[in-house]
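A short write-up of the structure that comes next.
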Amino acid sequence: MGEAIRRSILIVTLSIANLLGLIGASSVLSAAEITLYSYYLPHRLTRTSDKQYDLLLKELLADGDIRFSHQTAPLKRSSASFRSNPVSCVWPANPRALKAVGREGTDDLISSEPLDVVSLRLYTHEKPAGPVSIDDFEPERIGYIRGSGAIPLLGEKSKRFIPLSSEEQLISMLELGRLDAFLGHHPDTALALDDLEKPGVLHVTPLAILNLRFPVSFVCHDNKQTRSMLMKLNPRIKVLAASGRLKEILGEHAEFEDPQDSAKQDF
């Protein structure tokens with residue numbers, strides 16, 4: 001009788017162990033199945049710079065308990081890859097901007113805690129006498145970053161703007177007089193000007209009326225795997241924000257959700 005009980009206990013114990021092993025394997029597999037698409041941002045996110053978003057991601061993943069496959073590509077390609085992969089996230093992204101680029105809805109998307117704010121700013125070579133807007137320039141003389149999710153929100157006229165691949169190209173074209181103005185993402189353009197050692201060369205103004213500001217975060221398709229990942233990420237983002245470490249990582253040009261904390265203006 002005692003032997004039978006011991007055998008039964010052993011069988012139950014082994015069964016529970018096997019079940020826990022399967023659950024654990026399933027959890028690891030689910031985590032490994034997630035793909036994180038990163039926008040390649042030459043002054044913020046390259047996977048090798050160890051600053052800005054690269055440093056932020058490194059600190060968020062320091063515990064080693066979040067795993068995923070990771071791909072970095074330009075804005076348009078990363079957005080398209082994210083849309084076609086239902087078990088994925090993209091960052092630093094904004095649902096409204098994603099919708100503008102891809103035309104798909106955003107009801108099936110979830111977002112992490114906000115990281116910072118990317119705003120659309122109008123840059124000119126000469127300092128204007130007063131506030132200016134895109135309506136003050138011929139559309140064919142306005143440049144922008146190819147793949148920007150903010151540009152389609154500016155209406156039909158935006159189809160005539162000139163797309164370029166980098167902030168450096170936009171800055172150079174403006175300096176050479178081949179553009180009259182360009183729409184740049186802040187703080188990316190400010191960081192590009194710093195890296196070129198030209199921080200005061202261009203003039204930045206608010207977009208009169210629209211002044212588009214996009215809180216960016218990790219944006220994911222809504223499913224069990226991504227929800228589990230965000231449950232781990234969100235508390236860490238909150239701690240970094242509350243301690244001031246987030247602002248320290250993202251630097252002096254970073255904007256956050258407080259509207260008063262915005263890009264320096266010329267007027």
So how far apart, in nm, are the two label points at Arg96 and Ser243 if each is 7 Å from Cα heading toward Cβ? 3.1
Would you kindly derive the ³J(HN,Hα) couplings of segment 227-242 from the backbone phi angles with the Karplus curve 6.51 cos²θ - 1.76 cosθ + 1.60 (θ = phi - 60°), listing them in order in whole Hz, with x for Gly and Pro? 4, 4, 5, 5, 4, 7, 6, 4, x, 5, 4, 4, 5, 5, 5, 5
Which lysines, if any, have their Cα less than 28 Å from the Cα of Lys51, not counting same-chain residues under 8 positions apart? Lys76, Lys198, Lys232, Lys238, Lys247, Lys264
Could I have the simple spin-label model distance between Asp108 and Ala129, label points 7 Å from Cα toward Cβ, reported in nm to one decimal? 5.4
Modelled FRET efficiency - R0 51 Å, Glu175 with Ser69, Cβ distances, 0.05 increments: 0.80
So if the hydrodynamic radius of segment 108-216 is defined as the Kirkwood radius over C-alpha pairs, what does Stokes-Einstein give as its diffusion coefficient at 37 °C and 0.692 mPa s, in µm² per second? 229
If I model a spin label at Glu140 and Asp195 as a point 7 Å from the Cα along the Cα→Cβ vector, what separation in nanometres do I get? 3.2
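Values quoted throughout were computed directly from the atomic coordinates according to the rules given, and no laboratory measurement underlies them. Remember, it's a predicted structure, so these values are computed and weren't measured experimentally. Reconstructed Cβ throughout: ideal geometry from the backbone, glycine too, with neighbour counts over all protein chains shown.
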